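Accompanying notes for the structure given below.
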Amino acid sequence: MPPLVHDIILTRQQCAAWIIFWRKHAAMPNPARYIVEARNLTKQFGEFVAVRNISFHLLRGECLGLLGPNGAGKTSTIRMLYGFSPMTGGTLRVFGIDMRTGWRAIRFGIGVCQQENNLDPDLTVLQNLEVFARYFDIPTKSAREKADRLLRFIALENRKNDKVTTLSGGMMRRVVLARALINDPELLILDEPTTGLDPQSRHQVWERLEELRSRGLSILLTTHNMDEAERLCDRLIIMDHGRILVQGKPSQLIREYAGRDVVEVVEPSPEFRSHVKSLNLMHDNLDHRIIIYGQEGDRIFEKMTGEYCRDNCIRRMATLEDVFLRLTGRELRE
Amino acid sequence: MTKVLPFNLSWRFVRVWQRNLVVYRRIWLVNFFVPLLEPLLYLAAFGIGLSALVGTISFEGRELSYTAFIAPALLAITIMYNAFFENTYASFVRMYYQKTFDAMLATPLSLDEVITGEIIWGATKSLIATAIMLAVISLFGLVRYPHGLLILPLAFLGGIAFGSVGMVFTGTLPSIDMFNLPIFLFISPMFLFSGTFFPIDGLPVWVQHLAIAFPLTHLVTLTRHLCLGMFGTHLLWGVGYLFLFSLVFYPLALLTMRKRLIH
């Protein structure tokens, strides 16, 4: 066979990798409408079903949040999404490529921040980025340029020659983020990006992520932090026991499942409890408080305060946390 | 169901090898120090201290000084130790504590490539240490050239054999403390009874049979013959055994690591 002919016969994986490369460099729009398209995705560990038959998609340029209590199946879902865990059932297409056959090509286009800070403690900050760049076939010179640019982006250029073990938790998290961006991904996957960070570091990370979002990067993140979900995500999926409970825009979910205004009454009297029950309002009856979810214009606070409230009544806006707790329950998950 | 075959392998394992090289170069001085000084220590202790008691040892019709007898064994032991410890303790730390493999598995690398890169790296460490040690031992006139140069590719092959079996333990043992077990049951008996410090002919027959199964026995035979400049087709049996040993344990290492890490 002449060498030329031999060279253009590519394997399926090489084809897919080539398509990604070509799209990026020819600045062509990705013909696939969905960055992620999951259908009837299932993950089973022996008898235990971690993810049950879920279907969802992620649009280009969108930030999608995956919420759920511990053990809801968020991490299992995410791990299938970057081809770490093999799926038990269903189909998964990322960038329009089938995960089962094209996992390697898909990974070229994905950046992942895993839950643990798994930076290489044997290496410096800069080396961490450079070594990672090599896994994506990025040549040494452009890896150095990219690494420098990313270190400026996370405001850690002055620490680039320090060992990562000398960094604070927040700094490490930012380096993990920079590392996930080294291949200029089309999709960024973040598994609890701000868990365990102090408020300052958390806001730093949020600002970086907002910046990336505004540049049109598609993002998928899991979180326990409702502020984070509300602030960063265009759309949310709330999961529990491996199933999708609801999905939608944060504001829409709040309106639908927690109303507009919320009245919380601490240590309510028994008469008050029965009064709320008789009014047929959307409410939660807890041990030491009662939470009433009011709809637009129903003026529940005014109705309640006159008769029953002294200083044990709080009026506030409905939040995503209300939605989350109402949908997934208040029992502890361990 | 996890897919068992085929293996997901490409040249990309080199990336993992390169990562380990970057780390190795950071502390190259420490890494060079041990193979440089260790043979001096052994040769001093055994060569000077013990040879007066032992006198000469007859090996395939030749009378050897005790130093000449054990020097090649030191090379074989170095090959075994470097690969085995790299692919047990060091690999376990990277896998379990540093989560280095998890991070790699979010990039275009497959697990088979990660593990292959680790094993090839272990063999490379064996090769580097052997090269340094060979140079030191040569200074004492204990190596015949050019035959002695064949010890280098042999170090790589032996490294793959011992690294693979080490990686099988890394894939199966639940905690790092448990490595004491294979070291006690596998490495220490080999260290002592593979014709390293005394010929195995003097041992009871059943121990001799057992020793033949040890990969280190074959490695010692090979390094000893090559150091003495003795060639023979019977040496191919030893090379064949090391090949076969790798051929069994390398795929087994990939399978056990898959079972451990891919969920």
Report task. Run the numbers on segment A:260-317 and let me know its relative contact order in percent, using alpha-carbon pairs under 8 Å that are six or more apart. Result -> 52 percent
Requested in this report: Under 13 Å from the Cβ of B:T100, count the other residues' Cβ atoms, weight Lys and Arg +1, Asp and Glu -1, and hand me the total.
Outcome: 0
Query raised in the report: What net charge do the residues around A:N53 carry, taking every other residue with its C-beta under 11 Å from that of A:N53, with Lys and Arg at +1 and Asp and Glu at -1?
Result: +4
**Report entry** Intensity falloff of chain A expressed as log10 I(q)/I(0), Debye formula with alpha-carbon point scatterers, at q = 0.08 Å⁻¹
**Finding:** -0.48
Query raised in the report: Anyone know which of B:G238, B:G117, B:G61 comes out most mobile in the 10 Å Cα GNM of chain B?
Result: B:G61
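Taking every pair of alpha-carbon atoms in segment A:228-284, give the share separated by more than 18 Å as a whole percent.
Percent of Cα pairs beyond 18 Å in segment A:228-284: 53.
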Query - Farthest positive-ward along chain A dipole, Cα basis, beta-carbon charges - from A:V205, A:G90, A:L327 - result: A:G90
Requested in this report: Between A:V125, A:V266, A:V51, find the one with the highest GNM mean-square fluctuation for chain A; connect C-alpha pairs within less than 10 Å.
Outcome: A:V266
Report summary line: To the nearest 10 degrees, the tilt of helix A:270-279 (Cα long axis) against the first principal axis of the alpha carbons of chain A is 70 degrees
Query raised in the report: If ligands, DNA and RNA are left out, what is the accessible area of A:S55 with a 1.4 Å probe, given in Å² to the nearest 10?
Result: 50 Å²
Report task. Taking the Cα atoms of the protein assembly as shown, report the difference between the largest and smallest coordinate on each principal axis, in whole Å and largest first. Result -> 110, 64, 48
Query raised in the report: When only alpha-carbon atoms count, how far does segment A:180-334 stretch along each of its three principal axes, as whole angstroms with the largest first?
Result: 62, 29, 28
Report summary line: Using alpha-carbon coordinates alone, the radius of gyration and Dmax of segment A:260-317 in Å work out to 10.1, 28
Query - Chain-alone versus full-assembly comparison, segment B:91-105, residues with accessible loss of at least 30 Å² (1.4 Å probe) - result: B:Q98, B:K99, B:D102, B:A103, B:L105
**Report entry** Residue-by-residue Karplus 3J(HN,Hα) for segment B:199-206, coefficients 6.51, -1.76, 1.60, Hz, glycine and proline x
**Finding:** x, 6, 4, x, 7, x, 4, 5
Report summary line: Any residue on another chain or 5+ positions along whose placed amide H is under 5 Å from the amide H of A:D261 is listed here as A:G294, A:A318
Query raised in the report: Which pairs in the list A:K74/A:K249; A:K249/B:K99; A:K43/B:K259; A:K163/B:K99; A:K74/A:K146; A:K43/B:K99 are over 25 Å apart, alpha-carbon to alpha-carbon?
Result: A:K249/B:K99; A:K74/A:K146
Report task. Considering the convex hull of the alpha carbon atoms of segment A:142-233, report its projected area averaged over all viewing directions, in nm², one decimal. Result -> 5.9 nm²
Report task. Report in % the part of the accessible area of segment A:260-317 that belongs to carbon and sulfur, leaving out ligands and nucleic acids; probe 1.4 Å. Result -> 48 percent
Report summary line: Mean separation of Cα contacts under 8 Å (at least 6 apart) over the residue count of chain A, i.e. the relative contact order in percent, is 19 percent
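As an exercise, take the mean of 1/r over every pair of distinct alpha carbons in chain B, invert it, and state the Kirkwood radius in angstroms.
Here the Kirkwood hydrodynamic radius works out to 19.1 Å.
P(r) tail for segment A:104-150, what percent of Cα pairs lie past 17 Å?
39 percent
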Requested in this report: Could you size up the charge dipole of segment A:204-334 around its Cα centre, putting +1 on the beta carbon of Lys and Arg and -1 on that of Asp and Glu, and report it in debye to the nearest 20?
Outcome: 320 debye
Report task. Towards the positive end of the charge dipole of segment A:149-274, with charges on Cβ (+1 Lys, Arg; -1 Asp, Glu), say which of A:I182, A:L220, A:P270 has the farthest Cα. Result -> A:I182
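The values are calculated or read from the model by the stated rules, or taken from the named source; none is laboratory data. All of these numbers come straight from a predicted model, not from anything done at the bench. Ideal geometry is used to build each Cβ from the backbone, glycine not excepted, and the neighbour counts take in all protein chains shown. Surface accessibility is based on the protein's heavy atoms, side chains included, excluding ligands, DNA and RNA. Shrake-Rupley method; radii C 1.70, N 1.55, O 1.52, S 1.80 Å.
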